[in-house]
Each structure stands twice: as structure tokens, then as C-alpha cells.
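The values are calculated or read from the model by the stated rules, or taken from the named source; none is laboratory data. Predicted model, so just to flag it, every value in this text is computed and none were measured. Here Cβ is always computed from backbone atoms with ideal geometry, including for glycine, and neighbour counts include all displayed protein chains. Please note that ligands, DNA and RNA were not included when accessible areas were found on the heavy atoms of the full protein model with its side chains. Shrake-Rupley method; radii C 1.70, N 1.55, O 1.52, S 1.80 Å.
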Amino acid sequence: MALPAATARAAGLCRIAARASSSSSASAAPGGRRERELPFELAERGMVVGGHRGMGMNAVGAPPGARGGAARERENTLLSFGRAAALAAVAFVEFDVQVTKDGCPIIFHDDFILTQGTDDVYERRVTDLLLEEFLSYGPQRKSQKVSKPLLRRTKDGRVLNWSTEEDDSLCTLQEVFERVSPRLGFNIELKFDDNIIYHRKDLECALQAILQVVFQYASNRPVFFSTFHPDAARIMRELQSLYPVLFLTEGGTAKHNDSRRNSLDEAIQVCLEYDLHGIVSEVRGVFKNPSAVLRARESNLAFLTYGQLNNVWEAVYVQYLMGVNGVIVDLVEEISNAVVDFSKPDLSTNMLGSGVGTDRAKHQAFSPQQLGFLLRLIPELIEQPH
């Protein structure tokens, strides 16, 4: 794919950033470790909360009463990001960025986008669409435009209508920077299809298009990148030094052909080898291998988590005690308020405290022995279907 003229200019910006990196690299820390500037001052703050795709993901077809995936707003939209920005306890939102065929970074999670035709369901790869085609799906901002209804494929293969209580149009990365409160941080997930083998030039093309927008519109907004693709993480780190790059991992809860993705130990090694700033792990992987948090911290790596268990405040509290720096959640208001509550200094020794709402029973901070018991128990709990 040829780079459009605007995207080609991003390469020059990247090279400037790379030169700035080499001239202002951090000095070595004691013991030979390099100091890294962690996102959102994670080294100083107890725990930060990020909204998953804004105010939470849309789990189409989720069973009634599901703890996660029931966001009222359409995920990855200006409406959802704006609602998250209005919550003072939310430090950042996480969202997925892909690049259209004509080089425009857009916000969308799935690799494929589906709509209903006259007689059948039509499915297109997002990165094969031109920007105008992508924006024709879902609600339209101009009433005269005809919208294509959005469908979504569930994990079991069903195709369902993708409806939400409150809808909004699809959007671009530039629009998000321009229209969402600058106090809200952005965790930009660099989205690539697990089933495609990407050449370096293809990764660079997409990353440079994203960097062009970030360099031009981020200003003083806190921004960090994350990705499941180890080579994309490495290249993004090579292209610029202004924004932290974290490695996303399922933490050993799924197997991949690329061994770098198969455990927290491998994730730590990826970060050290590629000079990344930290890890974002599926929370079940952390509970199965809790000592990885300490090893990451000893290597001066930030440690964040995502996953359904992060919608259970008790599981988040255990991570708080373990020293996890941040959690990405779907129940954004509930969990962010809980973290504010149990992060209060006066609750550090007696946390028999109310969490979110007055009806929550207070509980004491765990001793090392109690925490050890919980960490042994949790791996059994997370094997159960939920």
C-alpha cells in the first residue's frame, strides 16, 4: 500500500522524534537498569483506572446480568469517551486504532465490519475500506446520508444486530483528540489482525500514519501506546521516544504461535529486550502468576491489567495490594469510585470501607498471609465459567 502524501510526512516527524530520543535518553539506573518515564506518573500513584473503549465494551449477545459488556453507549465513540472524561476518577480511556486503506487512523475494535444487505450479510475487513466507506456504517451525522446498519459476530459465530441504548457515529483518531477533554489520557491500542503475517514496511506504514495524528494533535494530553503485536511494539519504540509503549499480553491464558505472547515471563523479556515501558496483562494471567508483578516492578516496568475480573471490585482491590499500577474496566464509574475509596490514606490500615455506595460492608486490608491465601484461591476461581 502506497503512503498518501500526508502520511509520508509522518516519517519525517518520526525521524525527528528518534533523533530527540538519542540525544536525550535517560541515564542508567543503579544496577544497570535504564530509567523509563512511566505513563500517568504510575510510579508515584497507587492505582489508575482506564475506561475500556470509553465507558465499557458492547458485548453483543451477552447473557442478562453479565458484569461486563453492558455499556449503554456505543463503544469507541465520542459519546462514550466524553462520558468517561466527565468522571474525575477516570485517568484514561483505552481504544483500538486501525488505519484505513487511504491512510486514516480510525477507532474500531473488530478486524471486520458487518452490515445487512438486501438478502445477505456483508462483511469487509476494516483496513480494506476507504475512510468514507468506514464512516458510512452506523449512525450518520448528516441526516441526508443513508447509514448501513451495524452487525456484530459473536465468539460462537452468530451474527447479531449491534444495538445500544445510546448510539453515536464512528469516528477518527483526529476527531477524538480534537473533541474529547484534554485532561483525559489516551491508551491507544495499535490493532493488528492475529491471522495476518505483517512485513515490517506494513507495520511502519500504519504506525507512521498514527504517529502523524498523535504528534499533530496530542499537545499536552497524556498518551501511551499498547499492542499485542511484539514487532509493532518494538517498531513504535524505535520510531519515537515521546510516548510510552506497553506490551499487551494474555498472560498465558491463551496460546499463540509466537512464543513471545504466551506468558508473563515472556512479556517481561519482550519489554526488556525492546526497551518498552511496561505490560498490560489479562488479569487472570496475573492471578495465575502473581510474582510476575514484582519482577516487572523490579525491572522498572509499569504493570496494568484488563479483563472481565476487573469488573469485580474485590479482584481490583487484591491487585491494588499486589502493586498493580492500573486497571482497564468496563464498569467504569463503579470501579473508578471503588479505587478512589480504597486508595484513601486513612484506609490503608483499616479498610473495612464502603467502596461504591453505602451498602458495601467494610473489610480490613489483607495481611501478607491472607493475601497469599487469596492468590492461591483465585486461580481455582478463575477456571470456573463466568
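When the trypsin sites (Lys or Arg not before Pro) in the stretch 212-277 are filtered for DSSP coil states and for at most 12 other beta-carbon atoms within 10 Å of their beta-carbon, the remaining sites are Lys255.
Does the stretch 180-246 classify as rounded, prolate or oblate by the C-alpha gyration tensor (a ≥ b ≥ c root eigenvalues; a/c under 1.5 gives rounded; else a/b over b/c gives prolate, otherwise oblate)? Prolate, because a/c is 1.5 or more and a/b exceeds b/c. For the stretch 96-215, what does the alpha-carbon gyration tensor say about shape, rounded, prolate or oblate, given a ≥ b ≥ c as the root eigenvalues, a/c under 1.5 as rounded, and a/b over b/c as prolate? Judged from the Cα gyration tensor, the stretch 96-215 comes out oblate (a/c at least 1.5, b/c at or above a/b). Would you mind working out the accessible area per residue for the stretch 82-199, using a 1.4 Å probe, and quoting it in Å²? Roughly 51 Å² per residue, with all protein chains present.
Legend: calculated FRET efficiency, Glu314 to Glu123, from the Cβ-Cβ distance at R0 = 45 Å, rounded to 0.05, equals 0.70. Dividing the convex hull volume of the alpha-carbon atoms in the stretch 132-202 by its residue count gives 179 Å³ per residue. Using a simple spin-label model with pseudo-atoms 7 Å out from Cα toward Cβ, Lys344 and Glu238 lie 5.0 nm apart.
Can you give the FRET efficiency for Arg72 and Ser143, using 1/(1 + (r/R0)^6), R0 = 30 Å, r = Cβ-Cβ distance, to the nearest 0.05?
After rounding to 0.05, the efficiency reads 0.80.
Compared with the direct C-alpha span, the chain from Asp231 to Gln216 gains 3.0 nm at full extension, assuming 0.36 nm per residue.
Roughly how many percent of the accessible protein surface of the stretch 94-231 is carbon and sulfur, given a 1.4 Å probe and a whole-percent answer? Don't skip to the answer; put the middle values down first.
Numbers: 3140 of 6750 Å².
Exposed carbon and sulfur together represent 47 percent of the surface.
Please calculate how many Å² of accessible area the stretch 230-347 carries per residue, with a 1.4 Å probe and no DNA, RNA or ligand atoms counted. Intermediate values should be presented prior to the final figure.
Numbers: 3920 Å² over 118 residues.
That works out to 33 Å² for each residue.
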